Amino acid sequence: MLFARRHRYIFRETLAPFLLGVVVFTFVLLMGRLLRLVELVLNKGVPLVDILKLFAFLLPSFLVLTLPLAFLLGVLLGFGRLSADAEIVALKSSGVSLYDMARPVACLALVVAAATAVLTFYAQPQGKRAFRDQVFEIANSRATVGMTAGVFNDEFEGLVLFANAIDERSGAMQGLFISDERAGMEPSVIVARSGRAVPDAENLTLTLRLRQGAIHRQAERRGESIYQIIDFDTYDIQLDLGKELRNYRERQKRESEMSLAELKQAMAAADTNQRRKYEVEKHQRLVMPLAPLLFALIGIPLGIQSQRSSRGGGFALALAVFLAYYLFFSLAETLGTEGLVPPALAMWLPNLLFLAAGIALLRMTAQEKKLLLFERLDDMGRRLILWLRHRRPR
């Protein structure tokens, strides 16, 4: 039988905190973006459907982090609870080895690793790209989203726009001052009482429709410089966003938004410095899915040896191990990008170190050897209890 009753029991003990950790950690990361996105709905009038799309596009990038972290938390809390209730001792006395207890955790680790691989290889780069495109589309369809009243805005090339007041929901602007120095146009200054941006999604154009104003222009006519003032009731400024949008999509594509095939093509045409960045990105995606397997090796012995800790202690230990792993990972990324270490070696080195540490910890725990760190912590705990008893008034 692949899974005996004890295996299913251990699997459930690990699965419950893992699922809870996924929800909690993902929500905590999303909170960093939540306030800004909610502001777009309440103040800028962006449709809720567009905001939900942005959340969906962000989710893969967060799950790449939260799945391994939640799995590590699940292993630590699950085995910590089993060890604290002496169930590990009972299983060992029944002839069940630690390696046998690790079977259900290893199966769950493979599932989490496969999910992380799908996110890393496909969902994360596509989600990042889709998120930036969606933000850009919102900015195009609602041109005043990025504008601030009382501030000179230069988002549009060749135009500087100032508005005394902007209705953030309707997009209506009051008290407009515009400096128009676009290529092929005579430099001019435009003042208007009110205005509104009118987008055309099909033709990728944007019209700034101004009302009740005047155009001030210094023009050259037959070798003479003349100053013109042209009053108007309605005046349109046409902006062609099609070229800008196409250039944006081509120029702004980063290595984190590329597929593995695109990374391979980009490396063939890149210079030495850029090629190192592409290689670091490629190997980062290869090693990230292995994190749950490493955390299974490390989490089982740490969970058993820290059985005296509370659930809060297990949570803190999970964060400490996870932070140590990603600090090594960030250092390796810097070394590989700067060329101090070959990118492949740099990105695989943290996994090799954690693999060696995990195997050593698992063997020590299987031989019932206690880590010096936890011996010191237990000794400190006993001394603290004795000190508190001595200080207690009689």
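Derivation of every value follows stated rules applied to the coordinates shown; laboratory data play no part. As the structure is a computational prediction, the values presented were derived from the model and not from experiment. Here the Cβ is made from the backbone with ideal geometry for all residues, glycine too, and neighbour counts use every protein chain on show.
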| query | Say each of Leu355 and Ser256 gets a label point 7 Å from the Cα, pointing the same way as Cα to Cβ; how far apart are those two points in nm? | reply | 2.7 nm
| note | Note: Asp271 to Val135 extended length (0.36 nm per residue) minus current alpha-carbon separation gives 45.9 nm
| Pairs beyond 18 Å (Cα-Cα), from Lys53/Lys264; Lys92/Lys369; Lys128/Lys282 | Lys53/Lys264
| request: Set the Förster radius R0 to 30 Å, insert the Cβ-Cβ distance between Ala90 and Leu19 as r into 1/(1 + (r/R0)^6), and round the FRET efficiency to 0.05. | output: 0.70
